[in-house]
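Chemist: Handing you a structure now.
Where a number appears in this text, it was derived from the coordinates with a stated rule and is not lab data. Computed from a prediction, not measured in an experiment: that's the story for all the values here. Cβ coordinates were reconstructed from backbone atoms using ideal geometry, including for glycine residues, and neighbour counts include every protein chain displayed.
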Amino acid sequence: MMKQFVVIGIGRFGGALAKRLYDIGHEVLAVDIDEELIQRISDKVTHAIAADATDENVLRSLGVRNFDVGVVAIGDDIQSSIITTLMLKEMGLKYIVAKAQNEVHAKVLKKLGADRVVFPERDMGIRVAHNLIATNILDIIELSPDYSLLEFEVFPSWIGENLKDLNLRAKYGINVLAIKNNNDNGSINVSPKAQETIKAGDILVVVGSNEDLLKLEKKID
């Protein structure tokens with residue numbers, strides 16, 4: 001299901017998150033006061049606008065209250081981050097994610113009504129993007145600029161099938177590294193055989209190119 005995201009602050013974290021959300025197939029409005037950053041990302045999101053997000057009139061004119069999720073990824077300006085988060089909350093945005101610089105900043109953002117607070121040092125923009133759009137995706141780790149490791153819950157339609165029949169390498173170009181199952185005392189099957197049958201509660205840990213993983217993510221979403 002396609003969602004609408006407004007990402008305010010297009011630095012390293014916000015930029016990575018906005019691009020990935022758009023790549024997966026969602027509508028993304030990127031907002032930043034820096035025109036150069038907006039020009040760089042303009043062809044990688046749905047809409048990109050250079051504007052001061054701390055101006056209430058600007059936010060209202062952009063219609064941000066109609067978006068499904070608002071992400072406040074403003075860089076080092078804590079005051080602007082707080083003001084923007086507060087205004088988004090007052091405008092009635094359904095779900096707000098805000099980037100914090102430190103624990104004190106995080107406490108303030110939570111008190112202002114941020115539904116989720118993230119730390120750029122702990123949460124990559126790409127990882128947060130996946131968590132926002134698909135509850136099946138549990139984690140993603142970039143191994144290199146071209147390859148990543150993805151951890152996700154299996155589809156109900158896969159239960160009862162074995163890895164050979166699913167043929168994930170041929171269909172998605174991915175390799176299954178392990179199968180975890182929280183319903184089975186947290187068991188982990190490393191390098192599972194082709195005859196391994198998928199069970200309810202199974203979590204697959206796979207590796208593949210970012211391009212191939214993107215195809216799988218769209219199916220998960």
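Chemist: So, counting K/R as plus one and D/E as minus one, what does the shell of residues with Cβ under 11 Å around ASN210 add up to?
Modeler: Working: positive: ARG20, LYS215; negative: ASP23, GLU142, ASP146, GLU211, ASP212, GLU217.
Once all neighbours under 11 Å are counted, the net charge is -4.
Chemist: I'd like the distance between the alpha-carbon centres of the stretch 170-221 and the stretch 44-116, rounded to an integer number of Å.
Modeler: Going from one Cα centre to the other spans 35 Å.
Chemist: In nm, to one decimal, how far is the THR46 label point from the GLN79 one, both placed 7 Å along Cα→Cβ?
Modeler: It works out to 3.3 nm between the two label points.
Chemist: Cβ neighbours within 10 Å, averaged per peptide: list 47-54, 96-103 in order, most packed at the top. Numbers along the way, then the final one.
Modeler: Numbers: 47-54: 17.6, 96-103: 19.6.
Sorting 47-54, 96-103 by mean packing, highest first, produces 96-103, 47-54.
Chemist: Same structure, new question: Please report the base-10 log of the normalised intensity I(q)/I(0) for the chain, using a Debye sum with one equal scatterer per alpha carbon and no solvent, at each q in 0.08, 0.09, 0.14 (1/Å).
Modeler: Scattering profile of the chain, log10 relative to I(0): -0.33, -0.41, -0.86.
Chemist: Given contacts defined as C-alpha pairs under 8 Å and at least six residues apart, what's the relative contact order of the stretch 51-120, whole-number percent? All intermediate terms of the calculation are to be shown ahead of the outcome.
Modeler: Numbers: 104 pairs, mean separation 20.3, N = 70.
Value for the stretch 51-120: 29 percent.
Chemist: Average the reciprocal distances over every distinct pair of alpha-carbons in the stretch 3-66, invert the result, and give the Kirkwood radius in Å. Present the calculation step by step, with values, prior to reporting the outcome.
Modeler: Numbers: mean 1/r = 0.0872 Å⁻¹.
Computed over the stretch 3-66, the radius equals 11.5 Å.
Chemist: Mind ranking 160-170, 15-25, 207-217 by how tightly packed they are, going by the mean number of other C-beta atoms within 10 angstrom, highest first?
Modeler: Values: 160-170: 14.1, 15-25: 22.4, 207-217: 18.3.
Answer by packing, highest mean first, reads 15-25, 207-217, 160-170.
Chemist: To make sure I understand the rule: partners must be aspartates and glutamates, Cα under 19 Å from the Cα of LYS111, and not fewer than 8 residues away in the same chain. Which ones qualify?
Modeler: Cα-Cα hits under 19 Å: ASP77, GLU90, GLU103.
Chemist: What per residue convex hull volume, in Å³, do the alpha-carbon atoms of the stretch 157-221 yield? It would help to have the intermediate numbers written out before the result.
Modeler: Numbers: hull volume 5.5 nm³, N = 65.
Dividing the Cα hull volume of the stretch 157-221 by its residues yields 85 Å³.
Chemist: Next question. Counting only DSSP beta bridges with both residues in the chain, tell me the antiparallel percent, nearest 5. Before the final figure, lay out each step's value.
Modeler: On the way: 23 of 42 bridges.
Of all bridge pairs located within the chain, approximately 55 percent are antiparallel.
Chemist: So, one more: Cα-Cα over 32 Å: which of LYS3/LYS107; LYS180/LYS219; LYS99/LYS199; LYS107/LYS219; LYS19/LYS193?
Modeler: Values: LYS3/LYS107 28 Å; LYS180/LYS219 20 Å; LYS99/LYS199 37 Å; LYS107/LYS219 36 Å; LYS19/LYS193 36 Å.
From the list (LYS3/LYS107; LYS180/LYS219; LYS99/LYS199; LYS107/LYS219; LYS19/LYS193), the Cα-Cα distance tops 32 Å for LYS99/LYS199; LYS107/LYS219; LYS19/LYS193.
Chemist: Positive end of the charge dipole of the chain (Lys, Arg +1 and Asp, Glu -1 on Cβ, about the Cα centre): tell me which of LEU109, THR84, VAL45 has its Cα farthest that way.
Modeler: So the residue we want is LEU109.
Chemist: For the residues LEU112, LEU149, what sequence is obtained by ranking on other C-beta atoms within 10 Å, fewest first?
Modeler: On the way: LEU112 19, LEU149 15.
Ordered from fewest to most neighbouring Cβ atoms within 10 Å, LEU112, LEU149 come out as LEU149, LEU112.
Chemist: Helix 210-220 versus the longest principal axis of the chain: what angle, 0 to 90°, nearest 10, using Cα atoms?
Modeler: Approximately 90 degrees, to the nearest ten.
Chemist: Taking the Cα-to-Cβ direction at VAL104 and at ARG60 and moving 7 Å from each Cα, how far apart do the two end points lie in nm?
Modeler: 3.3 nm
Chemist: Does the stretch 1-125 come out rounded, prolate or oblate by the C-alpha gyration tensor, with a ≥ b ≥ c the root eigenvalues, rounded set by a/c under 1.5 and, if not, prolate when a/b is larger than b/c and oblate if not? Write down the numbers at each step before the final one.
Modeler: On the way: a/c = 1.36, a/b = 1.24, b/c = 1.10.
Taking the square roots of the gyration eigenvalues as a ≥ b ≥ c, the stretch 1-125 is rounded.
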